[in-house]
Each structure stands twice: as C-alpha cells, then as structure tokens.
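FYI, it's all coordinate maths here, none of it is from the lab. Please read all numbers here as calculations on a predicted model, not as lab measurements. With ideal geometry, Cβ positions are generated from the backbone for all residues, glycine too; neighbour counts draw on all protein chains shown.
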Amino acid sequence: MIVALAGGVGGAKLILGLSQALPPDGLTAIVNTADDLKLHGLLVCPDLDTVLYTLADIADPVQGWGVASDTTEALQMLKRYGHTPWFRLGDRDLATHLLRRALLDDGKTLTQVTASLSQALGLQAKILPMTDDRVETRVRTQGREIPFQEYFVAQKAEIPIEAVRFEGIETARPTAEVLKTLAGAKAIIFCPSNPLVSIGPILALPGMREALQRAPGRKVAVSPLVRGKALKGPAARMMQELGEEASALAVARRYVDWVEIFVLDEQDQELRDPIRSLGLEVLVTDTIMNTLEDKARLAREILDYVFTSRGQGQK
Ligand code: FO1
C-alpha cells in the first residue's frame, strides 16, 4: 500500500498520477479536513471532495475543485432568499453535501461517509479523512481571527496573515484507519500541497509524529513551490507573511524531521545541494503536472526512486 498525504487541488493531481501508476487497490490518500466548513447546515469538505471528484474523473477541469459542468440553480434560489453566497456550491456538488449530512446524522463517521461516497463513485483507491474529529484552520489577520475559507475564498487570500491555528487539534486524533494504513505503508508521499494549511494539520494531529516515525515505509515530500511560487494557491505568500522564505528549501526545512527524500523541480536545481546538506536525499525532476501523462510520469518517477537501488542510501 502506498499512502499519499494531501490537501486539495495540487495534492489531488499527484494522487491521480499515483492511481495510474499503481494497482487499483494499492493507494490510500489521507486527506486534510481542517479546511472543512459548516454552510447552510451542511459539512463542506473541500479537500476530501477534490480528491474524490478528481479520482472519479468528474472534477471541474479548470478550477480543480467542484464538479465539472455544474450549475448554480440552488445558489440562485438562496440569493432570492436574501443569502449572498460567498462560497460557490454547485448543484451536483450540493448532492454530495446533502448525502454526507444525512449519513452523518444517521450516526456514520466521516470516514464511513467518505467510503460510501467513494464506493458509489466507483473508486478503487481509498480516501481517508485525517480525523473524524472537528478541526478548523483559523487565520489571524489584521488583528482578528477568521476561518480559513473566509480568508481563502471571501478575501481571496489577499489580506496579510499573522498566524495560523488549528482549532480543536489538541483533542482530535487520527482515526484507527489512518494509523493502520500508516503502519502498513510501503511508502508515504507528502503531496505538493500547501505545507502550512494542508499537510500542516495532518502532521499536527496528536500521535501523528509517532505513527509516521514507526511507519516502515520510506517517506517522500514533493515540493509545492517551484522558483519560489506555488503552482496554485497562496502557499508562497503565506510562508513569507509568516516570516519564512518562500522556496523549496524552506519547504524542505519544514519537512526535514518527517521525510528522507525530497522531490525538487528541475527549475530549482541549484537548491539540490543546500537541501542535501539538511540530510535529505533529493530527486530532481519535472514536477509540473498539467496533463494526465505528467501526473502519471511524476508518480512513476517517485515510485521508481523509492523502490529501486537509485533511492537506496544515495544522497
Ligand atoms: N474556492 C474558491 O476560491 N471559491 C469558491 O467559491 C469555492 C467553492 C468550493 C466549493 C466546494 C469545494 O469542494 C471547494 C470549493 N472551493 C472554492 C475550493 C476550496 O476552497 C479550496 O480548494 C480548498 O479549501 C483549499 O485547499
């Protein structure tokens, strides 16, 4: 079993590549849930749904999130009721949320609900929420704290941030399924997701450090930054605003205690030696994933590196 730790759109791309490169039941994604929000009584899980829709080949190809060719009739009706929809839930996407709410109300866990949705969409790969407990990323900005989605969507991530906090993390726990999966993993891949708010909450769960340390598989992180910029999302900006340099080297420093291998984009070649000096093995390759072939090729290269002699002890 190969395990991928991921957030939303960037992570889902590599997960799709891994699903092409591995046997159908050989992949489990452990997904961030700290971006989740309550909206109109529903629980929206953007990262879980992005991975779900991407693997089911129904994700919106331009945005990367939501369902392809979705309509917005429900949003327009909400508008008539006087609710200005700042978060765009399409009609098909809404069906996922109605069902999720109903199953949660029936007493199912988020893990069980996600398994039902995945099964119904015909997925072979397993998608696990990092926890069944509620964790909420909150961002401190201009002297007040706001939920992550308000920062990301309503404010378009354009306001400067001062701190990030994961509310509820102290009492949250990784699920039994997550712990069991990590214990049996042949490799654990940290996808090119935002290290602060996508991978960050997964690693911040109490017990996760020990679970990853005990896990026998090799651990690999793929840089989400290329030439100091995130391919999607505000990771670079957030890192800078929090006093870190926005570079693959800074990402490698964050992950140095967690992984043995770092995957660096070929455009950042000059960072290979500084990253090696941290004690990490470095795989330099093209990490830009535009086409399905790009995704599958990157996945194969990472797996080859991990499982062939090229990756054994080479620094
Ligand atoms: N992102 C936006 O920028 N604007 C939206 O209105 C929006 C709606 C939305 C609905 C469902 C969903 O699963 C994702 C959605 N996203 C939207 C993306 C989401 O905010 C981000 O992908 C993640 O939270 C960041 O990882």
Applying a 10 Å radius around every beta-carbon, put 78-84, 125-131, 166-172 in order of their mean neighbour count, most first.
125-131, 166-172, 78-84
P(r) histogram, all alpha-carbon pairs of region 183-315 included - 10 Å bins from 0, percent
12, 45, 36, 7, 0
Roughly how many Å is it from the Cα centre of region 74-91 to that of region 227-270, as a whole number?
37 Å
dims of region 76-178, Cα set, principal axes, largest to smallest, nearest Å -> 43, 40, 24
Residues of type lysines that LYS232 reaches as a straight line, Cα spacing below 19 Å, ignoring anything fewer than 8 places off in the same chain:
LYS13, LYS156, LYS295
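Over the chain, what relative contact order in percent results from Cα pairs under 8 Å that are six or more residues apart?
Once normalised by length, the contact order is 20 percent.
Suppose only helical runs count, i.e. DSSP H with n ≥ 4. What mean residue ellipticity at 222 nm does that imply for the chain under -39500 (n - 2.57) per run, divided by all residues and rounded to the nearest 500 deg cm²/dmol?
Values: 12 runs with 115 residues, N = 315.
-10500 deg cm²/dmol, from helical runs alone.
Ratio of Rg to Rh for region 23-69, alpha carbon only, Kirkwood? Don't jump to the answer; show the numbers that get you there.
Values: Rg = 12.1 Å, Rh = 11.7 Å.
Ratio value, two decimals: 1.03.
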What is region 119-199's relative contact order, in percent, from Cα pairs under 8 angstrom and six or more apart in sequence?
32 percent
What does the charge add up to near ALA236, with Lys and Arg as +1, Asp and Glu as -1, over the other residues with Cβ less than 12 Å from its Cβ?
+1
Which order do the peptides 236-242, 6-12 come out in when sorted by mean C-beta neighbours inside 10 angstrom, highest first?
6-12, 236-242
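For region 1-136, state the average projected area of the convex hull of the C-alpha atoms over all orientations, rounded to one decimal in nm². Numbers along the way, then the final one.
Working: hull surface 32.4 nm².
One quarter of the hull surface, i.e. the mean projection, equals 8.1 nm².
Looking at region 150-194, which trypsin sites (Lys or Arg not before Pro) are in a loop (DSSP not H, G, I, E or B) and have at most 12 other Cβ atoms within 10 Å?
Values: sites: LYS156, ARG165, LYS180, LYS186; in loops: LYS156, LYS186.
Answer by residue number: LYS156.
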Whole-Hz ³J(HN,Hα) for each residue in region 199-215, computed from phi via Karplus 6.51 cos²θ - 1.76 cosθ + 1.60 with θ = phi - 60°, x for glycine and proline: what do you get?
7, x, x, 5, 6, 7, 5, x, x, 6, 4, 5, 4, 6, 5, 6, 4
Cross-link partners among lysines for LYS180, C-alpha distance below 17 Å, same-chain residues fewer than 8 apart left out?
LYS126, LYS219
Could you derive backbone 3J(HN,Hα) for region 243-249 from the dihedral phi with the Karplus parameters 6.51, -1.76 and 1.60 (θ = phi - 60°), listing whole Hz in sequence and x where the residue is Gly or Pro?
x, 9, 6, 8, 7, 4, 5
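Evaluated at 25 °C with a viscosity of 0.890 mPa s, what Stokes-Einstein diffusion coefficient in µm²/s does the chain have when Rh comes from the Kirkwood expression over alpha-carbon pairs?
Values: Rh = 19.8 Å.
Stokes-Einstein gives a translational diffusion coefficient of 124 µm²/s.
Checking a compactness column here: for region 71-129, what do you get for Rg(Cα) / (2.2 N^0.38 Å), N being the number of residues? All intermediate terms of the calculation are to be shown ahead of the outcome.
Values: Rg = 14.0 Å, N = 59, 2.2 N^0.38 = 10.4 Å.
So region 71-129 has a normalised radius of gyration of 1.35.
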